[in-house]
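Contents: one structure, followed by commentary.
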Amino acid sequence: MELKKIKKGQEEMVGFALIIVVVIIIMVVFLSISIRRTPKEDVFGNGEANSFLESVKQYTTSCEQGYSSNYRVLRELINDCDVGKKCIDGRDSCDILEEDLKDIMKESWDVREGSFFKGYELSILSDDVELIPVIKEGNTTKRYISPSSTIKRSFGGNLEINLKIYK
Amino acid sequence: MKKMETIQIVNYGKMRLKKGQLKIQQMAFMLIAVTLFFVLIGLFLLTLQLEGLKNSATKLEEKNVRLLIDKIASSPEFYCGDSFEGEIDCVDLDKVMALYNNIDNYRGFWGVAKITIEKVYPKDYESILCTQTNYPNCGEIDLYSSNLKKGAQYSNFVALCRKEIISEEIYDKCELGRIFITNEDKTE
């Protein structure tokens, strides 16, 4: 009689454990599906930052090259900086590039406290060497978007613009 | 003696009945508990799913508006084309000003509630609205506004290019700007 009772109790425990295992498996499957969805959401945020880089490359700077009114666009100025060219008025192209990019970043991305974006980092690389010091502001976080763009070098190869916007 | 025996038999029967009832009750409670447990899990999963659905709906709307912004920026009325060296995300401001003067012909054409273009850098003429008389010394073009109920606003960066004249010489000048699109509010 007692053995029967023990067996019945064991059966019930096994049943309960089975239910728990099934529920845990279902929860794990659903959680993994919802976790896998999350990174996709950040991809859309890249659109705005990509457009930013493409638009910035077309910005007309105050640096004239060769003759009067031949104002260099930022894409060309990066190339000028890479080869160490100076503007007509004697200013260094890298100085103007750095100054313009600093101002552009400041006006474009609000990273003050309480803002949606927490910080940014912009670097221009020529053969993995920084052309100008990294332009950064605000704080770094784990959530960020990082678009990049390339510019054709006048003597072959590519120059790389890397942007990181922290959310 | 016979009376006593009968009473005992009846008591055994009652005890068995009570035990059976208890078992049924136990079973019923267990079933209720298991059902409640599954209902709670179902509710939890349902809220997760609904939240995901809401998020993806918002993301989809945002994606659509971004596509619409790209579409507007690359439409012939806005796009730089061969006039400037810009490849993508380039808006011809001179064209936009011409459009601004004939905007009544474009009512309902884009299916949005509002289109605004703002100069981001340089900020020389911040919040000065562009008109035919002060252009290009201005910072914002209120291009189009309909009577539709205004919903969410989305924006994208563009290069704002125009022809500039300095000492009788014409050159291309591109500045950094933002195009803002306000959707129609369809919540009601």
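One table, with the values for the structure above:
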| quantity | calculated |
| --- | --- |
| Rough spin-label spacing in nm, given labels placed 7 Å along Cα→Cβ, for B:I103 and B:Y135 | 1.1 nm |
| Nearby lysines by direct alpha-carbon distance to A:K8 (threshold 28 angstrom, same-chain neighbours under 8 apart not counted) | B:K14, B:K18, B:K19, B:K23 |
| R0 of 22 Å, Cβ-Cβ distance A:I25-B:I32: FRET efficiency to nearest 0.05 | 0.40 |
| Label-to-label distance, nm, for residues given as B:I170 and B:A152 (7 Å Cα→Cβ offset) | 4.2 nm |
| Length gained when the stretch A:E64-A:R91 is fully extended (0.36 nm per residue, less Cα-Cα span) | 8.7 nm |
| Most fluctuating residue given options A:D95, A:D128, A:D82, as computed from a GNM of chain A linking Cα atoms under 10 Å | A:D128 |
| Computed accessible area, A:K106, all protein chains, 1.4 angstrom probe, square angstrom | 140 Å² |
| Rough spin-label spacing in nm, given labels placed 7 Å along Cα→Cβ, for A:N162 and A:Q10 | 6.2 nm |
| FRET efficiency, B:F44 to A:S146 (Cβ-Cβ, R0 45 Å, nearest 0.05) | 0.85 |
| Chain B shape via C-alpha gyration tensor axes, a/c threshold 1.5 | prolate |
| Hull volume in cubic angstrom per residue (convex hull over the Cα atoms of the protein assembly as shown) | 222 Å³ |
| Filter on A:K102/B:K150; A:K142/B:K123; A:K142/B:K150; B:K59/B:K114 - keep pairs with C-alpha separation over 28 Å | A:K102/B:K150; A:K142/B:K123; A:K142/B:K150 |
| Fraction of antiparallel bridges per DSSP, chain A only, in percent to nearest 5 | 100 percent |
| Shape of chain A, Cα gyration tensor, a/c cut at 1.5 | prolate |
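The values are calculated or read from the model by the stated rules, or taken from the named source; none is laboratory data. Everything numeric in this text was worked out from a predicted model, so none of it was measured. Note that we place each Cβ from the backbone using ideal geometry, even for glycine, and neighbour counts take in every protein chain shown. Heads up: the accessible areas ignore ligands, DNA and RNA and are worked out on the full protein's heavy atoms, side chains in. Shrake-Rupley method; radii C 1.70, N 1.55, O 1.52, S 1.80 Å.
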